[in-house]
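The values are calculated or read from the model by the stated rules, or taken from the named source; none is laboratory data. If you're wondering where the values come from, they're calculated on a predicted model, not measured in any experiment. Using ideal geometry, Cβ is built from the backbone for each residue, glycine included, and neighbour counts are taken over all protein chains shown. Heavy atoms of the whole protein, side chains included, go into the accessibility calculation; ligands, DNA and RNA do not. Shrake-Rupley method; radii C 1.70, N 1.55, O 1.52, S 1.80 Å.
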Amino acid sequence: MVKDSMVQRVGVIGGGQLAWMMAEAAQTLGLELVIQTPKADDPAVSIAAHTIFAPVADASATAELATHCEVITFENEFVDLEALLKLEQQGIRFYPSLRSIAPLLDKYEQRSYLKTLGLPTPEFMALEPDTAPTMINAFGLPVVLKARRLGYDGQGTTIFKTQTDLHNLIHDRLDPSHPFPASTFLLEAFVPFERELAVMVARSVTGELVIYPVVETQQEQQVCRRVIVTPDFDPSIVEQVQAIAQRLLESLDYVGIMGIEFFLTQDGKVLVNETAPRTHNSGHYSLNACLTSQFEQQLRSVAGLPLGDPALSHPGAVMVNLLGYEDAEQDYAEKRQQLAQIPHAHVYWYGKTLSRVGRKLGHVTVTLAEGEGRSQALAIAEQIEAIWYGE
């Protein structure tokens with residue numbers, strides 16, 4: 001494997017399961033991973049060549065991380081951008097660049113940036129504390145309230161169906177001492193979508209760009225539950241998604257991999273929901289169902305290597321997240337053994353020692369055979385969930 005002689009070690013800010021799943025790709029490409037993560041039991045600690053134990057937003061720790069690698073990439077976006085900019089000015093190399101991710105970290109600023117590019121999004125506005133009581137009537141009901149920063153796995157996102165519930169929450173958060181005050185929220189029109197879609201897209205330092213298959217995601221309580229990978233979308237939908245992805249990454253001069261989530265409306269239009277400037281849950285299927293996984297693609301892009309082929313290596317797949325359904329210290333070995341017995345199943349367990357409701361503990365991908373489609377994928381997902389959650 002030929003690679004840029006300058007890149008032997010890649011630094012990763014964040015040590016969760018996304019960094020952990022880079023291990024096989026790093027070995028294949030002859031790279032070593034060094035990570036910055038706060039806890040010794042974080043999943044990626046077990047696969048790292050070296051670990052800096054510190055919060056992901058600790059820029060002084062990132063400066064130390066840089067002494068152990070040639071380039072730094074991201075597993076999550078909960079960083080101190082202003083502090084990192086000083087490091088970038090000193091010559092530390094980040095991919096994607098900080099300028100590329102700056103418009104994406106705050107959901108309101110992300111929405112505004114998409115609007116300036118002419119890319120379709122739901123109607124939105126920043127929630128201003130002084131006018132919040134009148135602003136919340138702007139889009140009618142239901143309406144979506146999102147934390148502008150630090151929201152993930154459904155945290156910080158609430159769909160309101162009644163004015164009373166929305167008024168009560170806004171009133172509570174008008175207090176500036178609240179951990180998530182009203183000024184940190186985005187108000188968004190609810191989209192009565194037909195399906196939710198997602199796509200992974202990667203761009204290299206030379207401007208080479210590859211786009212993964214468009215997939216369907218299914219959410220429960222704003223947390224991804226399933227990803228359905230079947231090539232049954234109308235070509236016009238695929239074209240819309242691909243055009244948006246290419247326009248966005250090229251406008252940002254983005255280097256790395258990005259996940260983009262969409263709403264598909266009932267009249268066949270695609271709206272951008274959110275972006276993630278890193279590997280993403282909706283791309284986990286690529287580990288087993290694509291010629292090049294999203295994790296290998298991220299490392300290829302930031303290490304200056306040619307990008308890999310993102311095409312499907314199987315007719316399709318279904319990925320199901322194994323979410324915590326109780327507060328417990330448990331490894332669920334028996335259930336994992338049952339899941340592994342499903343034909344063509346690949347079980348990934350993230351090694352987290354504590355389960356809590358909604359926490360991502362692992363995932364299962366099942367590849368589909370020729371002739372199997374969405375209905376078979378949904379049936380397999382139900383089988384996995386019956387084993388995991390119980391009948």
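What relative contact order, as a whole-number percentage, does the chain give when Cα pairs under 8 Å and 6 or more residues apart are counted?
It rounds to 14 percent for the chain.
Using the 2.2 N^0.38 Å rule of thumb for compact globular proteins, work out how the range 58-125 stacks up: its C-alpha Rg over that value, please.
Its radius of gyration relative to the 2.2 N^0.38 Å reference: 1.31.
What's the Kirkwood radius of the chain in Å, using all Cα pairs?
Answer for the chain: a Kirkwood hydrodynamic radius of 21.8 Å.
Could you please report the charge total around GLU220, scoring K, R as +1 and D, E as -1 over all other residues with beta-carbon less than 11 angstrom from its beta-carbon?
The answer is +1.
Considering only protein heavy atoms and a probe of 1.4 Å, how much of the accessible area of the range 18-147 is carbon and sulfur, as a whole percent?
Roughly 51 percent of what the probe reaches on the range 18-147 is carbon or sulfur.
Given the range 264-391, what whole percent of its Cα pairs are spread farther than 23 Å?
The share of Cα pairs beyond 23 Å in the range 264-391 comes to 44 percent.
Report the gain in length on full extension from SER313 to SER97: 0.36 nm times residue separation, minus Cα-Cα distance, nm rounded to one decimal.
Fully extending the segment from SER313 to SER97 adds 74.6 nm.
So what is the 222 nm mean residue ellipticity for the chain from helices alone, if each DSSP H run of at least 4 adds -39500 (n - 2.57) and you divide by all residues, rounding to the nearest 500 deg cm²/dmol?
-8000 deg cm²/dmol
Could you work out what % of the accessible surface of the range 213-296 is carbon and sulfur, using a 1.4 angstrom probe and leaving DNA, RNA and ligands out of the count?
Here it works out to 42 percent.
What whole-number value in Å² describes the accessible area per residue of the range 181-252 for a 1.4 Å probe?
38 Å²
Would you be so kind as to identify which of MET22, TYR113, THR73 lies farthest towards the positive end of the dipole of the range 22-114, taking Lys and Arg as +1 and Asp and Glu as -1 on Cβ and the Cα centre as origin?
TYR113
Taking springs between alpha-carbon atoms closer than 10 angstrom, which of GLN242, GLN110, GLN90 fluctuates most in the Gaussian network model of the chain?
Of GLN242, GLN110, GLN90, the Gaussian network model singles out GLN90 as fluctuating most.
Over the Cα atoms, compute the radius of gyration (one decimal) and Dmax (the largest Cα-Cα distance, rounded to a whole number) for the range 198-357, in Å.
Rg then Dmax for the range 198-357, in Å: 16.8, 48.
Is the shape of the range 337-389 rounded, prolate or oblate, going by the alpha carbon gyration tensor and its root eigenvalues a ≥ b ≥ c, with a/c under 1.5 for rounded and a/b larger than b/c for prolate?
Judged from the Cα gyration tensor, the range 337-389 comes out prolate (a/c at least 1.5, a/b above b/c).
Could you give the length gained on full extension between THR116 and GLU334, defined as 0.36 nm per residue of separation minus the Cα-Cα distance, in nm?
Here the segment from THR116 to GLU334 would lengthen by 73.4 nm.
Among PHE94, PHE160, PHE263, whose mean-square fluctuation peaks in a Gaussian network model of the chain (Cα, cutoff 10 Å)?
Highest fluctuation among the options: PHE160.
Per the Kirkwood treatment, what hydrodynamic radius in Å, one decimal, follows for the range 296-353 from the mean inverse distance over all distinct Cα pairs?
Its Kirkwood hydrodynamic radius stands at 14.8 Å.
Report, in cubic angstrom per residue, the convex hull volume of the C-alpha atoms of the range 212-287.
Spelled out: Cα convex hull of the range 212-287, divided by residues, is 99 Å³.
For the chain, set up a Gaussian network in which alpha carbons nearer than 10 Å are linked by springs, and say which option among PHE124, PHE74, PHE262 fluctuates the most.
PHE124
Per 0.36 nm of contour for each residue apart, how much would the distance between GLU82 and HIS50 grow if the chain were fully extended, relative to their Cα-Cα spacing?
9.0 nm
Quick one: work out Rg over Rh on the C-alpha atoms of the range 242-283, Rh as Kirkwood radius.
1.00
Hey, what does the equivalent ellipsoid look like for the range 1-124, semi-axes from the Cα gyration tensor as sqrt of 5 times each eigenvalue, largest first, whole Å?
With the √(5λ) rule applied to the range 1-124, the semi-axes are 27, 16, 16 Å.
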